[in-house]
Amino acid sequence: MKKFIEDLTNITGQLKPSLIGSINFKSKLIMAPLAGITTSPFRELMSTCGAGGVVTELISSHAITHSNQKTLNMLRLGDEAIPAIQLFGNSPEMMATAAIIAAKYGAKYIDINMGCPVKKVTSRGAGAALMKTPAIAAEMIRQVKKSISIPVTIKIRLGQNEDKINAEEIVKIAQEEGAEFVTIHGRTLNQGYRGNANWDIIENIASKYQIPIVGNGDLFSSEKIKSRLKITNCKALMLGRGPLKNPFLFLAELDHNFGIKDYSSLIEILLSKMVAANYNDKLIITNIKKHAVWLSSGLPGASKFRYNVFTEHSLTKIMNLALAFFPSNENSEQITEDESFLAGGHG
Ligand SMILES: Cc1cc2nc3c(=O)[nH]c(=O)nc-3n(C[C@H](O)[C@H](O)[C@H](O)COP(=O)(O)O)c2cc1C
């Protein structure tokens, strides 16, 4: 594993840094926030794999300002590439107070969630519902920006539905309020994760505004990432579900790929990072199961592997299953396009 980490470090060292606004990312490919997934150990792993930057999952400004200990723990950052903390809420004042607390944890910037489609969030006027209330969205950016000295960004969708696409209006507001950049997930709130991300709209907005745009949605293969990078008006691209199946996607630009056999090492690294973060056994097992199964998806024998992993309770046996499965698939091709893969989430 030591040799693998050395090789990986040498390769990721060849990635070109990318300045977006005043933030110097390690490359043009940023790991997206994924609720319940982009924990600190996982963000560290993605950083090791070459992510240009990482973002926490959405964290409640209400819970932060009410000193909820479990939530405060979510603010802890590890050895991560340009980590951002993402906050959500409906009150500009509360978001500003939460941002002051979050900034103290060492975030390089604060990202405001304006894309979460989950009812529990939108019914309170937070997440994607903020796109329906541009005046509150503007006030939120203004107040958060005023409260901290690090940059502020927002992550949005295209709009509420295909008849109410207003991403451009929100981008304009973000520019006026001095946000550092805007990430656009190319779907509407109503769409959830159905259909395809609309890159025409993202590219059109990115070509028209001074404020940098980070494009996001459905970048599941190295080929797709490379061809998008060649033509895009975006300053960077954000990858969400893709790296769960193939964390080496962050190396797309380098035309270098580690193999499926090396997924075993990634699982070992993740395990060591969770141990270092003092995760209890139950949490470690749940996480290893999830990630091993995602990494296996699209590979021959994945469904049997999934069954074996999910019916096993011992960490050692689960690790042994994974350490045997990936090397045996060394020459297999991973099928990367799969619409049903993780079709739910908070942005
Ligand atoms: C399980 C899951 C959880 C998510 N959690 C968040 C979140 O906490 N904050 C956020 O802004 N977006 C969240 N998203 C949206 C992703 O960041 C991203 O915008 C979306 O998945 C599209 O990118 P992709 O096609 O590369 O996955 C989530 C998506 C999924 C599938």
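Here, each number is a calculation from the coordinates, and none is a lab measurement. In this text the structure is predicted, and so the values were computed from the model without any measurement. No Cβ is skipped: glycine too gets one built from the backbone with ideal geometry, and neighbour counts run over all protein chains shown.
When you check Ala343 against the structure, is it out of contact with any helix residue (DSSP H, G or I) (no Cβ under 6 Å at 6 or more places or on another chain), within 16 Å of the ligand (Cβ to nearest atom) and either at negative phi or not polar (S, T, N, Q) (or both), yes or no?
For Ala343, the condition - out of contact with any helix residue (DSSP H, G or I) (no Cβ under 6 Å at 6 or more places or on another chain), within 16 Å of the ligand (Cβ to nearest atom) and either at negative phi or not polar (S, T, N, Q) (or both) - is met.
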For residues that are among the charged types (D, E, K, R) and free of Cβ contacts under 8 Å to residues at least 60 places away in the same chain, scanning just the range 141-160, find the one that is farthest from the ligand (Cβ to nearest atom). Lys146
Among helices (runs of 4 or more DSSP H) entirely inside the range 171-266, those with 3 or more residues being closer than 30 Å to Pro92 by Cα and more than 10 Å from the ligand (Cβ to nearest atom) are 199-208
Against the condition among the small types (Gly, Ala, Ser), closer than 30 Å to Thr9 by Cβ and touching a helix residue (DSSP H, G or I) at 6+ places or on another chain (Cβ under 7 Å), how does Ala252 come out, does it pass? yes
If you check every pair at least six apart or on different chains, which have Cβ atoms under 9 Å apart with a residue in the range 77-89 that is closer than 21 Å to Pro117 by Cα and in contact (Cβ under 8 Å) with a residue 24 or more places away in the chain first and a residue that is in a strand (DSSP E or B) and of a type in the set (D, E, K, R) second? Ala84/Asp111; Ile85/Asp111; Gln86/Glu57; Gln86/Asp111; Gln86/Lys155; Leu87/Asp111
Residue list for the range 295-319, filter: within 18 Å of Lys261 (Cα to Cα) and assigned to a loop (DSSP other than H, G, I, E, B): Ser297, Gly298, Leu299, Pro300, Gly301
Odd one out for Gly106 among (1) surrounded by fewer than 17 Cβ atoms within 10 Å (Cβ to Cβ); (2) on the phi < 0 side of the Ramachandran plot: (2)
With the checklist (1) surrounded by 15 or more Cβ atoms within 10 Å (Cβ to Cβ); (2) part of a loop (DSSP other than H, G, I, E, B) in hand, flag the one item Glu139 doesn't pass. (2)
Considering only residues that are more than 20 Å from Leu239 (Cβ to Cβ) and hydroxyl-bearing (Ser, Thr, Tyr), look in the range 26-81 and name the one that is surrounded by the fewest Cβ atoms within 10 Å (Cβ to Cβ). Ser67
Quick check, is Ala138 within 16 Å of the ligand (Cβ to nearest atom) and hydrophobic (A, V, I, L, M, F, W, C)? no
